[in-house]
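Here is the structure we will look at.
The values are calculated or read from the model by the stated rules, or taken from the named source; none is laboratory data. Nothing here was measured: the structure is a model prediction, and the numbers come from that model. Note that each Cβ is placed from the backbone with ideal geometry, even for glycine, and that neighbours are counted across all protein chains shown. What goes into the accessible areas is simple: the full protein's heavy atoms, side chains included, and nothing from ligands, DNA or RNA. Shrake-Rupley method; radii C 1.70, N 1.55, O 1.52, S 1.80 Å.
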Amino acid sequence: MSNPKIYVVGLGPGGVEQMTQRAIKALQECDVIAGYHVYIKLIKDDFADKTFLSNGMRKEVDRCKLALEEALKGQTVAMISSGDAGVYGMAGIMCQVCKDHPEVEIEVVPGITAACSGAAVLGAPLIADFCTISLSDLLTPWEKIEKRLDCASKADFCIALYNPSSIKRHDYLQKACDIMLKNQPGTIPCGIVRNIGREGEAYELTTLAELRDKQVDMFSTVVIGNTQTEVINGRMVTPRGYRL
């Protein structure tokens, strides 16, 4: 009998057309698909023969424990994340939950994370060095997020902001911009991409000074350029330094 198997699969930004062939194959091979109910909804019709386990936000540990239980029963399980499972996704917590079960084989299947899919919509803002920072303080103290924003903007990184706002964190993007404006000019180009790869996808270009007053939500990804970033024919571009 083969070892219990759990795939941790990154779906990319949206439906099946946004997934890698490897991710599709993993979902086809599994018996059970587990995940946050919003992400289950994106793929349920395409894998209708599978058993689905879903729950809500902040239930990640419970979700992983359910997946482990199914794997120990002999089921092949796929735990899904949007974007890449290893970037603010489920890969880490799944490995932690399985710590005392080395017999369980875990295979992480990467997907396209929001920084990359959002940058593609905007043009080419992340061609040079960049970093990603989540503004969610559910698992990371806000003081640490502030320090990361300060250091990244001082270093002139392009920055992709995940989880820029929510009902409880309605002013966090404004706070983040105020920190970065201490180190960077307000004219730096920025972009907001909403519903990447899904129905209602839209984007807008703005500046760092204007960004602080923009309305965003959890389905928005914000990209902040650096001092070399420019807008070329309506596209946000950070030159890498090639001589033209």
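Residues considered: N195, N233, N55. Largest GNM mean-square fluctuation over the chain, using C-alpha springs under 10 Å, is found at N233.
Separation of segment 1-25 and segment 64-129, taken as the distance between their Cα centroids, equals 9 angstrom.
Of K44/K214; K59/K154; K65/K214; K65/K147; K44/K65, which sit over 28 Å apart, Cα to Cα? From K44/K214; K59/K154; K65/K214; K65/K147; K44/K65, over 28 Å: K44/K214; K59/K154; K65/K214; K65/K147. Here the ratio of the Cα radius of gyration of the chain to 2.2 N^0.38 Å is 1.09.
Placing +1 on each Lys and Arg Cβ and -1 on each Asp and Glu Cβ, with no other charges, gives segment 47-155 a dipole about its Cα centre of roughly 240 debye.
Temperature 10 °C, viscosity 1.306 mPa s: under these conditions the Stokes-Einstein estimate for segment 113-244, based on its Kirkwood radius over C-alpha pairs, is 109 µm² per second. Relative contact order of the chain: 20 percent, from C-alpha pairs under 8 Å at least 6 residues apart in sequence. Taking the Cα centre of segment 121-244 as origin and assigning +1 to Lys and Arg Cβ atoms and -1 to Asp and Glu Cβ atoms, the resulting dipole is close to 220 debye. The fraction of accessible area contributed by carbon and sulfur in the chain is 50 percent, rounded to a whole number (1.4 Å probe; ligands and nucleic acids excluded). Based on the convex hull around the alpha carbon atoms, segment 25-151 presents an average projected area of 9.6 nm².
With semi-axes defined as the square roots of five times the eigenvalues of the C-alpha gyration tensor, the equivalent ellipsoid of segment 1-64 measures 17, 17, 11 Å, largest first. A simple spin-label model places the labels of Q75 and H37 1.8 nm from each other, with each point 7 Å out along Cα-to-Cβ.
Measuring nothing but how far apart in sequence close Cα pairs (under 8 Å, 6+ apart) lie, relative to its length, segment 100-242 scores a relative contact order of 29 percent.
Net charge near T187: determine it from the other residues with C-beta under 11 Å of the C-beta of T187, scoring Lys and Arg +1 and Asp and Glu -1.
Numbers: positive: none; negative: E210, E230.
My count for the surroundings of T187 gives -2.
Normalised per residue, the accessible area of segment 116-220 is 50 Å², obtained with a 1.4 Å probe and no contribution from ligands, DNA or RNA. Dipole magnitude for the chain: about 360 debye, using +1 per Lys or Arg Cβ and -1 per Asp or Glu Cβ, origin at the Cα centre.
Projecting the Cα positions of V223, Y36, G12 onto the charge dipole of the chain (unit charges on Cβ atoms of Lys, Arg, Asp and Glu, taken about the Cα centre) puts V223 furthest along the positive direction. Its relative contact order, with pairs defined as Cα atoms under 8 Å and 6+ residues apart, puts segment 137-204 at 25 percent.
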